[in-house]
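Read-outs throughout are calculated quantities, based only on the coordinates presented, and are distinct from any laboratory measurement. These figures come from a predicted structure and were not determined experimentally. Cβ placement follows ideal geometry from the backbone for every residue including glycine, while neighbour counts extend to all protein chains displayed.
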Amino acid sequence: MANPLRRKRHILATIALGIGALLILIPLSLSLINWNVAKPWIIERVSEATGRSFAIHGDLSLSWRKPEKTEVDWRRLVPWPHLRAHDLMLGNPPWATTGPTMATVPQVDFTLSPLALLGKKSACPN
């Protein structure tokens, strides 16, 4: 019969290895996805939320960034997803008289703090 302490160590090591593999595989697989396939879904959601026409004419991309310097301990090891969208257009509401387009934006960039997002809190110090 195996030593119970040795078995517990083996189980904990296996769990730690599995978590470590997930922390590597999830960002890697998300980086390999062609995010342009999500454009129709994003366009539909933004149009529904704003009640206006919306379009993404350019590419969508995802990269990973080092966390802000405000992160401490093990949290500074978790990379942050950085999303970029090119050539966006937001339409005017139906009652506007200035034309069909409210704004065109050449590029939008934003970075998300995954731990703050999971914890449902703001990563901004304000």
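Coupling constants for region 64-70 follow from the phi torsions by the Karplus curve (6.51 cos²θ - 1.76 cosθ + 1.60, θ = phi - 60°), and in residue order they are 10, 10, 5, x, 4, 5, 6 Hz; glycine and proline get x.
Computed about its Cα centre, the charge dipole of the chain is approximately 880 debye, with only Lys, Arg, Asp and Glu carrying charge at their Cβ.
Computed from Cα positions, the angle between helix 4-32 and the longest principal axis of the chain comes to roughly 20 degrees.
With a cut-off of 16 Å on the backbone N, the residues of region 55-85 near the modelled label site 7 Å out from T101 along Cα-Cβ are 55-59. Normalising the average separation of contacting C-alpha pairs (under 8 angstrom, six or more residues apart) by the number of residues puts the relative contact order of region 34-118 at 27 percent. Just to be sure I follow the rule: in the chain, considering lysines 8 or more places apart or on different chains, how many pairs have Cα atoms under 28 Å apart? Lysine pairs, 8 or more places apart or on different chains, close enough: 7.
What is the extension gain from L22 to R7, computed as 0.36 nm multiplied by their sequence separation minus the C-alpha to C-alpha distance, in nm to one decimal? Walk me through the numbers before you get to the answer.
Working: separation 15, 0.36 × 15 = 5.40 nm, distance 2.26 nm.
Extra length available between L22 and R7 comes to 3.1 nm.
The simple spin-label model puts a point 7 Å past each Cα toward its Cβ; for S31 and F110 those points are separated by 2.3 nm.
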